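These notes are about the structure you will find just below.
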Amino acid sequence: MAQPRPEPPLSGAEMAVKQKLNAWTVGLAGGLLEGAPIRFATEIARVVDERDALHVLPVVTRGPTQNVEALLYLRGIDLAIINTDALEQFRSLTPNIDQRIAYILSLFPSEVHIFARPEITSISDLAGKKVNFNTPGTTAAYSGPLIFDRLKINVERTFMPHPAALERMRRGEDEIAAVVFITSKPVDAFLRGRWEAGFKFLPVDIADADFSNVYLPSTLTSRDYPQLIPEGQNVSTIAIPTILAAYNWPQGSDRYGRLVRLVDYLFSRIDQFQAQGFHPAWREVNLAAQVPGLRRFPPAQEWLDRNRASRAPRVPVGAMPR
């Protein structure tokens, strides 16, 4: 068996380049290539990158679960964009997770849309029926089954692309009773599609299944979906906070210092994310917004405390599409 050849020693000039590249590099786990989180990761990198002073390296992963795993265990990862309910799944395996992971910023809420055929009148009617949760690795495929587990409603889970599932549901094929989207409203599929009378969003009550310890209350309104919700009416639902989380490196360590600098650059430049070409959901971001059940990364809280008087409170605008 061939033995690996030892790497030749680096010259002084090469060693200097290596040290320079690594000195202020921060790894950020973003998620799937087709998801919103990786776009947020690349936009964060674009704004905070400061030549040799700071370099954010976005990393493509397989989705919500792997983002948490990467933040906990993957060498070189200091940050991750994660859904808060993904952390819940790790608490039994990692009892001290709240000491190891803290949030820097609440990025955007992802509303739960449960869209059902006319014969379905409530979530309980879905018991034993086919419900589609999009493809593996997406937020719907991860969080959707968790939500149904909390509700104690057993459904036949399918994981096909949503466009295919919606078309089969429309035609009454394959016995698909509902689809679950988890993303910021409004969803193009429900704005552009034409649906027969009776197709509807099913309400989800924040009081059900103790959702309030992880999720946020939200509503789908007639302004969001004028074809599906009568004027002036709302459909109650829940939303999953999507956050920028940090590994809580020891204070005074090299990697802690990198995150302190990142917080300063990110927070002081937050207005740049509202420029043309950035994700519209940045317009909703409120630096001071809190996340249920989690603590903020100390340097982020310290930055807010220092700058509270100089920054007027920002009121998030209405939910934007993404």
Subject >> Rounded accessible area per residue of segment 257-298, 1.4 Å, Å² >> reply: 41
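Ignoring ligands, DNA and RNA, what percent of the accessible area of the chain is carbon or sulfur (1.4 Å)?
Taking all protein chains in place, the chain shows 52 percent carbon and sulfur surface.
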Original post:
So what is the 222 nm mean residue ellipticity for the chain from helices alone, if each DSSP H run of at least 4 adds -39500 (n - 2.57) and you divide by all residues, rounding to the nearest 500 deg cm²/dmol?
Top reply: -9000 deg cm²/dmol
**OP:** Express as a percent, rounded to the nearest 5, the fraction of DSSP beta bridges in the chain (both residues included) that run antiparallel.
**Re:** 65
Original post:
Excluding ligands and nucleic acids, what accessible area in Å² is computed for THR94 using a 1.4 Å probe, to the nearest 10?
Top reply: 10
Original post:
What does the charge dipole of the chain about its Cα centre add up to, to the nearest 20 debye, if the Cβ of each Lys and Arg holds +1 and the Cβ of each Asp and Glu holds -1?
Top reply: 520
Original post:
Among all helices in the chain defined by DSSP H, which have a length of 20 Å or more along the axis from Cα atoms plus a Kyte-Doolittle mean of at least 1.6?
Top reply: none
Subject >> Among ASN248, THR25, ALA300 the positive-end extreme of the charge dipole of the chain (Cβ point charges) >> reply: THR25
Subject >> Rough spin-label spacing in nm, given labels placed 7 Å along Cα→Cβ, for SER268 and SER236 >> reply: 4.5
Subject >> Three-way shape call for the chain based on the alpha-carbon gyration tensor, with the a/c threshold at 1.5 >> reply: prolate
Original post:
Based on the Cβ-Cβ distance of ILE206 and ARG51, what FRET efficiency does E = 1/(1 + (r/R0)^6) give at R0 = 45 Å, to the nearest 0.05?
Top reply: 0.50
Original post:
Measuring from centroid to centroid over Cα atoms, what is the spacing of segment 173-220 and segment 90-167 in Å?
Top reply: 10
Original post:
When all protein chains stay in place, what accessible area (Å², nearest 10, 1.4 Å probe) is found for ARG295?
Top reply: 100
Subject >> Loop sites in segment 248-278: trypsin sites (Lys or Arg not before Pro), DSSP, at most 10 other Cβ within 10 Å >> reply: none
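Can you tell me the accessible area per residue over segment 1-142, all protein chains present, probe 1.4 angstrom, in square angstrom?
Accessible area per residue: 50 Å².
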Subject >> Heavy atoms of ARG91: accessible area, 1.4 Å probe, square angstrom to 10 >> reply: 60
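In what order, largest first, do TYR247, TYR215 sit by accessible area if the probe radius is 1.4 Å?
TYR247, TYR215
Please arrange TRP24, TRP282 by accessible surface area, largest first, computed with a 1.4 Å probe and ligands excluded.
Per-residue accessible area, sorted high to low, gives TRP24, TRP282.
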Original post:
Between ASN286 and SER92, what length in nm is gained on full extension when 0.36 nm per residue of separation is reduced by their alpha carbon distance?
Top reply: 66.8 nm
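The values are calculated or read from the model by the stated rules, or taken from the named source; none is laboratory data. Just so we're clear, the structure is a prediction, and the values are computed from it rather than from any experiment. For neighbour counting, all protein chains shown are included, and Cβ atoms are generated from backbone atoms with ideal geometry for every residue, glycine included. Only protein heavy atoms, including side chains, enter the accessible area calculation; ligands, DNA and RNA are left aside. Shrake-Rupley method; radii C 1.70, N 1.55, O 1.52, S 1.80 Å.
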